[in-house]
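The values are calculated or read from the model by the stated rules, or taken from the named source; none is laboratory data. None of these values were measured; they are calculated from a predicted model. Neighbour counts are summed over all protein chains in view; Cβ atoms, including those assigned to glycine, are modelled from backbone coordinates with ideal geometry.
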Amino acid sequence: MKVLTITDIRKLVQAMGLEVFLKHVVNGLETDFGRWNEYTLSPRHRTLYPHGVIELMPCSDQQFYAFKYVNGHPGNPLNGKLNVVALGLLSDVTSGYPLILTEMTLLTAFRTAATGVLAAKYLARPDAGTLAIIGTGAQAEFQVMAFAGYFKLDTVRYFDTDPGAMRKFSRNLSDQMFRLLPCQSAIEAVYHADLVVTATAAKKRQALFEFEDIVDGAFIHAMGGDCPGKTELSIHFLNQVKLVVEYLPQTLAEGEVQQCEADRVYAELWELVCKIKPGRQNNQEITLFDSVGFALEDYSILRTVYELAKGYNLGTELPLIPELKDPKNLFGLLAS
């Protein structure tokens, strides 16, 4: 079985270039969402704690079985640890043998940003040029760079309650072509923004801004509300926008739409990809992708990275699975 470390993923992204890698991930997601009915799907398995959550996220078709182990501990940064860390595994369905075990902290950030861009492809105005991001933590730069690969961004407006996170964000993106505009509040950040990303970590109900603060025709990627009791927008806001989700049974429990009835949701993302329902229908409507993260996205990036790693000869073969001349003689491994 091949193991891909953080170093391997970094080498892969550097070899391909960030923009090209992200486009591979977006294209893989679009292909896989387009095969929605070929998968065995389920909500993630979640264990909640007062200080965080640990989850397993499985997904499979007739070729691969994938799962991700991931946590969410909003208090971790205060102790010098990441809010989210993850590991992923991809297996061959025919034999059940694992193919790769890989880091997925970086890959989760990539696939989350790429999923937002895939939704924006169907829900945002193609001429969108101003992006606002609320929350400039670990995911923020991935979001911005993914959107910058598909939209001609001229301005990125940003806000975080942590000034240090804002400085980090500005420093990391200082060499980009778009203008960076720090803001004093979430409401100031979304002013006249065509694209809005909400990426806050606080485990509570919030209303970062209201419908009246958003320009006509805006697209919102709401990705920070991703567990029960954690939201970023009000029911007043949700009742006035076109709502799209990944997988309704999961999003009703975890997303912004945990506040409203299922019939308020316009579509699941796969329905737009498969042309079952139209996405944006005019330049005035406000659209919202309520993204909580779904196992199909992890399956997709694991599949994509597995193929790319073979092409770039990355990863290390480790003897984590017994190799036996007699497959019935497992005990023989213990013989000296």
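Just name the residue that is nearest to MET1 (Cα to Cα) out of those in segment 57-84 that are at pLDDT 95 or above and outside any strand (DSSP E or B). Break it down stepwise before answering.
Taking segment 57-84 and keeping what is at pLDDT 95 or above, we get 57-70.
Add one more test, that the residue is outside any strand (DSSP E or B), and what stays is 61-63.
Working: ASP61: 20, GLN62: 20, GLN63: 17 Å.
Among residues in segment 57-84 that are at pLDDT 95 or above and outside any strand (DSSP E or B), the one nearest to MET1 (Cα to Cα) is GLN63.
Let's see how each residue does on (1) modelled with pLDDT of 95 or more; (2) farther than 21 Å from GLN139 by Cβ; (3) in contact with a Phe, Trp or Tyr (Cβ under 6 Å, 6 or more places away or on another chain):
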residue: THR47; (1), (2), (3): no, yes, no
residue: GLY88; (1), (2), (3): yes, no, no
residue: VAL93; (1), (2), (3): yes, yes, yes
residue: GLU103; (1), (2), (3): yes, no, no
residue: LEU106; (1), (2), (3): yes, no, no
residue: ALA120; (1), (2), (3): yes, no, yes
residue: GLY129; (1), (2), (3): yes, yes, no
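Kindly evaluate HIS221 against the criterion of being within 17 Å of the chain's Cα centre (by Cα) and either surrounded by fewer than 18 Cβ atoms within 10 Å (Cβ to Cβ) or in a strand (DSSP E or B) (or both).
So HIS221 passes the test.
Among (1) loosely packed, with under 14 Cβ neighbours inside 10 Å; (2) not in a strand (DSSP E or B), where does LEU48 come up short?
Failed condition: (2).
Pick out the one residue from ASP175, ASP263 that is charged (D, E, K, R) and within 22 Å of PHE151 (Cβ to Cβ).
Of the residues listed, the single one that is charged (D, E, K, R) and within 22 Å of PHE151 (Cβ to Cβ) is ASP175.
Would you mind finding the one in LEU296, LEU252, LEU269, LEU318 that is within 30 Å of ARG10 (Cβ to Cβ), surrounded by fewer than 22 Cβ atoms within 10 Å (Cβ to Cβ) and either touching a residue at least 40 places away in the same chain (Cβ under 8 Å) or assigned by TED's automatic domain parsing to the domain that holds MET223 (or both)?
LEU318
Going by what's in this entry, would LEU288 be described as in the same structural domain as VAL190 (by TED's automatic domain parsing) and either within 24 Å of the chain's Cα centre (by Cα) or more than 30 Å from PHE209 (Cβ to Cβ) (or both)?
yes
From the list GLY149, GLY137, GLY164, exactly one residue is under 22 Å from the mean Cα position of the chain (by Cα), of a type in the set (Gly, Ala, Ser) and more than 26 Å from PHE211 (Cα to Cα). Which is it?
GLY149
Looking at (1) at pLDDT 95 or above; (2) touching a Lys or Arg at 6+ places or on another chain (Cβ under 9 Å); (3) closer than 25 Å to ILE235 by Cβ, can you tell me which one PHE289 breaks?
(2)
Return the total of residues in segment 131-187 being modelled with pLDDT under 95 and either of a type in the set (Lys, Arg) or in contact with a Phe, Trp or Tyr (Cβ under 9 Å, 6 or more places away or on another chain) (or both).
Residues meeting the conditions: 1.
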